[in-house]
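Below is one structure; the comments refer to it alone.
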Amino acid sequence: MFFICNNSLLFDPEAHAISLVGQPESVLTLSAPAVRLLQEFIKHKGHDLSREELITRVWEEFGFTPSGNNLNKAVSELRKSFQSLGEGHEFIVTVPRYGFRFDAEVIFQPGENIPSVDPQPSVAPQEVKPQRASIKKWAIVAVLIVAALGTSLYFSRQQGIYVPAKLKPVKEKIARCSIWIINDHGRPLVLSKLAERLEANNIACGREAYDIYYFSARFTISAADEVFIGACPVSKTSLCKTIRYKSGAQK
């Protein structure tokens with residue numbers, strides 16, 4: 001799943017990636033400790049976290065050597081990544097003689113394993129696990145729409161994006177994969193290109209049945225389509241996948 005911070009940064013924990021919303025070419029790769037630390041910050045956004053609890057939750061709970069130096073390195077890596085992406089906002093605020101606070105508005109998919117801060121002490125934090133394929137249709141649709149709408153906020157002028165209330169099924173299938181269009185922009189969906197994109201992301205429609213959710217939006221400033229694809233196996237035996245890329249302009 002994706003997290004969108006302050007409508008400008010897109011964080012993909014599974015891919016260890018962070019980028020500007022709507023600019024996949026700006027993606028930066030984060031180290032595993034930095035990913036775990038950013039997830040911990042997002043869980044407790046707006047709350048002061050002590051250095052000791054961060055070290056415990058991000059390193060010791062995962063079986064790694066706990067040290068203040070490791071925490072400093074991960075915080076520095078995240079701050080440098082934010083700066084490299086041109087973000088002037090101070091996402092990670094230092095709390096003197098205590099620790100840090102993550103200062104950002106975060107949008108994430110409903111139903112995810114991101115609990116609110118538990119006021120009771122001594123509650124052991126749990127590892128953030130990827131969501132299973134039992135996700136409902138509305139949830140995968142929600143994250144695609146949120147990502148696309150977040151993309152539109154990047155541009156200086158408002159773009160009209162129409163999101164229908166119902167999914168539109170595509171009559172044709174790609175092998176065993178059924179396709180649903182979230183928005184109908186009037187341009188034809190080229191199934192052969194979609195099949196190539198699915199295959200490139202290890203979604204084998206010939207071997208397993210999937211529900212494919214397709215969302216695209218045209219931003220005139222870039223003359224290209226921002227495409228978001230959600231793929232959930234019908235058998236619910238493996239993870240759902242979200243694919244995001246920018247395609248060239250179509251005539």
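Quick notes on this one:
- Strands (runs of 3 or more DSSP E) enclosed by segment 168-251 - at least 3 residues per element that are within 25 Å of Ser19 (Cβ to Cβ) and at pLDDT below 80: 210-219, 224-233, 241-247
- Annotation: Lys80 fulfils all but one of (1) modelled with pLDDT under 85; (2) outside any loop (DSSP other than H, G, I, E, B); (3) of a type outside the set (Asp, Glu); the unmet one is (1).
- Just so you know, in segment 17-44 the residues that are more than 17 Å from Ala74 (Cβ to Cβ) and of a type outside the set (A, V, I, L, M, F, W, C) include one that is most open to solvent (accessible area, probe 1.4 Å), and it is Glu25.
- Scan segment 73-86 for residues that are surrounded by fewer than 18 Cβ atoms within 10 Å (Cβ to Cβ) and in contact with a strand residue (DSSP E or B) (Cβ under 7 Å, 6 or more places away or on another chain) and the total you get is 3.
- Unique residue being open to solvent by 30 Å² or more (accessible area, probe 1.4 Å), free of Cβ contacts under 8 Å to residues at least 12 places away in the same chain and of a type in the set (Asp, Glu) when the list is Glu105, Glu53, Glu60, Glu14: Glu60
- Flag: Glu25 does not match the condition of being of a type in the set (D, E, K, R), in contact with a Leu (Cβ under 8 Å, 6 or more places away or on another chain) and either farther than 20 Å from Glu105 by Cβ or not in a helix (DSSP H, G or I) (or both).
- So Thr65, is it without any contact (Cβ under 8 Å) to a residue 12 or more places away in the chain and either open to solvent by 20 Å² or more (accessible area, probe 1.4 Å) or within 22 Å of the chain's Cα centre (by Cα) (or both): yes
The values are calculated or read from the model by the stated rules, or taken from the named source; none is laboratory data. If you're wondering where the values come from, they're calculated on a predicted model, not measured in any experiment. Because the Cβ atoms are built from the backbone with ideal geometry, glycine has one as well, and the counts that use them run over all protein chains shown. Protein only, heavy atoms only, side chains kept; ligands, DNA and RNA dropped before computing areas. Shrake-Rupley method; radii C 1.70, N 1.55, O 1.52, S 1.80 Å.
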